[in-house]
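Heads up, the thing below is written out as structure tokens.
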Amino acid sequence: MFALDLIIKKRNGGKLSKEEIRYFVNGYTTGQIPDYQASAFLMAVYFNGMDTEETLWLTEAMLHSGDVVDLSCIPGIKVDKHSTGGVGDKTTLVIAPIVASCGVPVAKMSGRGLGHTGGTIDKLESIPGFRTGLSSEEFVKNVKEIGIAVTGQTGNLAPADKKLYALRDATGTVENLSLIAASIMSKKLASGSDVIVLDVKTGSGAFMKTIDEAEKLARLMVDIGKGAGKRTVALITDMDRPLGNKIGNALEVSEAVDILNGRGPADLREVCVELAANMLFAAGKGDIEFCRSLAVESIEKGTAIKKLKEMVERQDGDPGVVDDTSKLPSAPFRAEWKAEEPGYIEKMHAEKLGMASMLLGAGRKHKDDVIDPSAGIELVKKPSDKVEAGETIAVLHTSDENRIPEALGVLKTAIGISPDPVPGKPLILGKVH
Ligand code: URA
């Protein structure tokens, strides 16, 4: 078999066999196939696509390119969740403790943020001392003993994805449904859980800009999960506006703590309860309505916040942060973003808000950029809210005041104000199972 033959076959719109896909993935991961041929291959896939069977074979080949975590020593059904990424998306920090406190073990491997989207690992690292680099042994031990662990990708998990994702990023081949689905699902399947709940975001702050694309990605990932023998369900949720009121690492941890204390913004709470309920349902805890009530009860009775504190303590973070979020890093510089005209907020472009937050220091333009844990944006107003001219829409936080003008420049283009009242929009847009 030759890499060139596979490139030509895909370039001409052919269907690749399981063996051919495996040959390509193994060859590229081990360095036998060079970047220039892998780039051409990815571009051929980008333009001509893969069908569901090819995508499943690609996922399997990537999954088996490295270690697969074995959680079989932990009793019960283990669950994992994955969000396709968004702005202000701190749901893992809320959901994982809720689900674990209801007796369902959560074994979660998360990523870092890149560009306008945040990453759970960066958020957790804003908690002083918190370790996100657990070994596989520690990860399994913590899930077994306290029912929860959230860590960065351990060891040699799906190394094919690491290499391919970097190449896709550099060759304009990220935005292909099969490549995205195989990338996400190879990592989820390698993480070893029995149940996978996917949060596929759609809108201006998401990868998938339209609901139609989000549904297609959700369908593909659910089919891959089921094809690999895992119970898999996807919710499609809105990311046309930021989720919750806080964007940025420490700010998002404090908002997650608020939700677990029964406070915080209603939109974030709704999405978290729905995702948690679906995780509990898929783990066999009862019908969906009962699972919703379990999730709400874990907040009201304080068992979920207790579980978060236990996890923070176990991973060497300062548990006092959970009792008092003022112990989180706090930015020395603040600025206000003010409305230029009166009316009702019609649109808040989530991607631009994520970009502005990144410019303040909360995110990375490049993979190796250092994050300012205290940086970000605190929204005072959200879509549908009424504003007067000169009223504060948001407060900007940063450790470097020189960053403020550029961020404010982006924010000015991120809002639409209507003279007429703007109706609210639903947050949960669909379910694929
Ligand atoms: N997230 C991933 O892990 N992979 C993709 O391809 C896109 C988003």
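The values are calculated or read from the model by the stated rules, or taken from the named source; none is laboratory data. Model, not experiment: these values are computed from the prediction. All Cβ positions, glycine included, derive from the backbone under ideal geometry; neighbour counts span all protein chains shown. Note: accessible area is taken over every heavy atom of the protein model, side chains too, but ligands, DNA and RNA are not part of it. Shrake-Rupley method; radii C 1.70, N 1.55, O 1.52, S 1.80 Å.
Take the residues in the range 170-206 that are over 19 Å from M50 (Cα atoms) and open to solvent by 50 Å² or more (accessible area, probe 1.4 Å); name whichever of them is modelled with the highest pLDDT.
Of everything passing the filter in the range 170-206, D194 is modelled with the highest pLDDT.
Six or more apart or on different chains, Cβ atoms under 8 Å: show the pairs whose first residue is in the range 255-266 and in contact (Cβ under 8 Å) with a residue 24 or more places away in the chain and within 11 Å of L308 (Cα to Cα) and whose second is open to solvent by 40 Å² or more (accessible area, probe 1.4 Å) and in a helix (DSSP H, G or I).
Qualifying pairs under 8 Å: V257/T325.
Here is a list: I211, I196, I180. Which entry is in the same structural domain as S136 (by TED's automatic domain parsing) and near the ligand (Cβ under 9 Å from one of its atoms)? Step through it out loud before you land on a result.
On the way: I211 fails: near the ligand (Cβ under 9 Å from one of its atoms); I196 fails: near the ligand (Cβ under 9 Å from one of its atoms).
Of I211, I196, I180, the one residue that is in the same structural domain as S136 (by TED's automatic domain parsing) and near the ligand (Cβ under 9 Å from one of its atoms) is I180.
Please tell me if L235 is away from the ligand (no atom under 16 Å from the Cβ), crowded, with 23+ Cβ neighbours inside 10 Å, modelled with pLDDT of 95 or more and part of a strand (DSSP E or B). Outline the logic, then answer.
On the way: away from the ligand (no atom under 16 Å from the Cβ): yes; crowded, with 23+ Cβ neighbours inside 10 Å: yes; modelled with pLDDT of 95 or more: yes; part of a strand (DSSP E or B): yes.
When the stated conditions are applied, L235 passes them.
In the range 93-133, what residues are within 16 Å of the ligand (Cβ to nearest atom) and hydrophobic (A, V, I, L, M, F, W, C)? Outline the logic, then answer.
As a first pass, look at the range 93-133 and keep what is within 16 Å of the ligand (Cβ to nearest atom): 108-122.
Hits for the range 93-133 are M109, L114, I121.
What are the residue pairs meeting all of these: first residue in the range 80-105, first residue more than 19 Å from V233 (Cα to Cα), second residue open to solvent by less than 10 Å² (accessible area, probe 1.4 Å) and of a type in the set (D, E), Cβ atoms under 6 Å, and 6 or more apart or on different chains?
Pairs that qualify, where the first residue is more than 19 Å from V233 (Cα to Cα) and the partner is open to solvent by less than 10 Å² (accessible area, probe 1.4 Å) and of a type in the set (D, E), are K90/E252.
Among the candidates S72, S65, S39, single out the residue that is out of contact with any His (no Cβ under 7 Å at 6 or more places or on another chain), outside any helix (DSSP H, G or I) and either aromatic (F, W, Y) or surrounded by 15 or more Cβ atoms within 10 Å (Cβ to Cβ) (or both).
Details: S72 fails: either aromatic (F, W, Y) or surrounded by 15 or more Cβ atoms within 10 Å (Cβ to Cβ) (or both); S39 fails: outside any helix (DSSP H, G or I).
Being out of contact with any His (no Cβ under 7 Å at 6 or more places or on another chain), outside any helix (DSSP H, G or I) and either aromatic (F, W, Y) or surrounded by 15 or more Cβ atoms within 10 Å (Cβ to Cβ) (or both) holds for just one of S72, S65, S39, which is S65.
Could you pull out every one of the helices (runs of 4 or more DSSP H) wholly within the range 103-209 that has 2 or more residues that are in contact with a Leu (Cβ under 8 Å, 6 or more places away or on another chain) and farther than 22 Å from P242 by Cβ?
Details: elements: 120-124, 136-146, 159-171, 177-190.
Of the helices (runs of 4 or more DSSP H) lying wholly inside the range 103-209, those with at least 2 residues that are in contact with a Leu (Cβ under 8 Å, 6 or more places away or on another chain) and farther than 22 Å from P242 by Cβ span 136-146, 159-171, 177-190.
Yes/no matrix, rows are residues, columns are (1) within 20 Å of I247 (Cβ to Cβ); (2) under 20 Å from the mean Cα position of the chain (by Cα):
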position	(1), (2)
R314	no, no
S326	yes, no
S330	yes, no
Y344	no, no
G363	yes, yes
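Any residue at all in the range 425-433 that's more than 30 Å from N278 (Cβ to Cβ), in contact with a helix residue (DSSP H, G or I) (Cβ under 7 Å, 6 or more places away or on another chain) and in contact (Cβ under 8 Å) with a residue 60 or more places away in the chain? Please lay out each step first, then the result.
Within the range 425-433, the first condition is being more than 30 Å from N278 (Cβ to Cβ), and the residues that meet it are none.
No, the conditions are met nowhere in the range 425-433.
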